[in-house]
Amino acid sequence: MGQNLIGILMKTLFSALCLLTASPAFTAPLDMFRDCDECPEMIELPLGEFMMGAPEGEAQLEYHWYNGALRPTTIENPFIAHEEGPLHLVKVDIPVAMARTEITYDQWMICVNDSGCNGYTPNSSVLLLTATESIEDVVRVEAVGSHPVRNISYIDALAYVDWLNDKTDTTSYRLPTEAEWEYAARAGTQTPFYQGVYVTQDQVNYSDQDAARVRADGDPDYIISSFPVPVENLDAANGWGLRHMSGNVGEITLSCWSERQQLFTLTSQYLEHAQTNGTCDRVRRGGNYVFSKNFSRTGARYPIDDDARVSFVGFRVLREMRTPNP
């Protein structure tokens, strides 16, 4: 108990110190716009700087893989998410706007019906299983309309971006780099979640730990018991008005995966690296409704193949606000 209290106090002190160097959490309303009737609503973000990454010890798992085996996390056998560090200061030197929500199923299908998005209609059904049901009771439910679109790969997301740029006669839309994504998600904070150290399922759509018994392998960090929610559901907006940056569906970024943080100091450097690195696994951010809340922390990051279509992964778009080169 004493060690847990010390750990909490240390994390609180660390967060306070980081906030001294992070951009302030803006509370004034930011500019919102929509470039066309079919376009996603965008929020123009303030310029600033932030501490990117998560400190060692922030990630909390009851079990983790070690030397090829699933083991309980203990003081003697701790879990450290090395890929989330080292912490480093990043300055936002490209003005951008971020989509207020994840791209929805309806928004995707507008693209498809307008001869875009390579004509791809993603699977919209979800296997619904609660902690009180057996595997025989599983049912399929359709997550369409204002639910986030899922089963979207990085390559698919690029097709939507291409359609959006054609629709608006611009080249300003793209996927965010992981640095831009994290800056937007933090909204001036340095805690594990925008809301603080702890969150509830009224704020973040993650999978409930109490449903662990639906899985036979005894791993409560990988349980399937939840369901994606429409993008306007829950108290899920951060201080900049961006919704579901934590939880609901994982979000594909432009950045290539690396085993450690790349330690660039400018968002323009993250963009240049992402645009010149060729084919690679991409970085997925934001957690999802399938896994526990640990995976939805702002600093959590995971790899995904650029052609992988995963049932709990979608995306949101970014628009550069700088004047394009002639």
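The values are calculated or read from the model by the stated rules, or taken from the named source; none is laboratory data. Given the structure is predicted, the values throughout are model-derived calculations rather than measurements. Positions of Cβ are generated from backbone atoms using ideal geometry, with glycine treated the same way; all protein chains shown enter the neighbour counts.
Quick notes on this one:
- Failed item in (1) surrounded by 22 or more Cβ atoms within 10 Å (Cβ to Cβ); (2) modelled with pLDDT of 95 or more; (3) within 15 Å of the chain's Cα centre (by Cα), with Ser153 passing the rest: (1)
- Scanning the stretch 113-138 for residues that are at pLDDT below 90 and more than 21 Å from Tyr206 (Cβ to Cβ) yields Ser134, Ile135, Glu136, Asp137.
- Against the numbered list (1) of a type in the set (D, E, K, R); (2) over 27 Å from Pro228 (Cβ atoms); (3) free of Cβ contacts under 8 Å to residues at least 40 places away in the same chain, Arg284 comes up short only at (2).
- When the stretch 170-218 is filtered for residues that are under 26 Å from Pro55 (Cα atoms), outside any loop (DSSP other than H, G, I, E, B) and modelled with pLDDT of 95 or more, the ones remaining, listed by number, are Glu178, Ala179, Glu180, Trp181, Glu182, Tyr183, Ala184, Ala185, Arg186, Phe193, Gly196.
- Close contacts from the stretch 137-163, counting a first residue that is within 22 Å of Asn118 (Cβ to Cβ) and in contact (Cβ under 8 Å) with a residue 60 or more places away in the chain and a second that is of a type in the set (Lys, Arg) and not in a loop (DSSP other than H, G, I, E, B), with Cβ to Cβ under 7 Å and a gap of 6+ residues or different chains, come to Tyr154/Arg282; Val161/Arg174.
- Strands (runs of 3 or more DSSP E) fully within the stretch 7-101 that include at least 3 residues being modelled with pLDDT of 95 or more: 42-44, 49-52, 88-91, 96-99.
- Within the stretch 237-257, residues that are closer than 22 Å to Ala274 by Cβ sit with their Cβ atoms under 7 Å from residues that are among the acidic types (Asp, Glu) and crowded, with 24+ Cβ neighbours inside 10 Å, at 6+ positions apart or across chains, in these pairs: Val249/Glu102; Glu251/Glu102; Thr253/Glu178; Ser255/Glu178.
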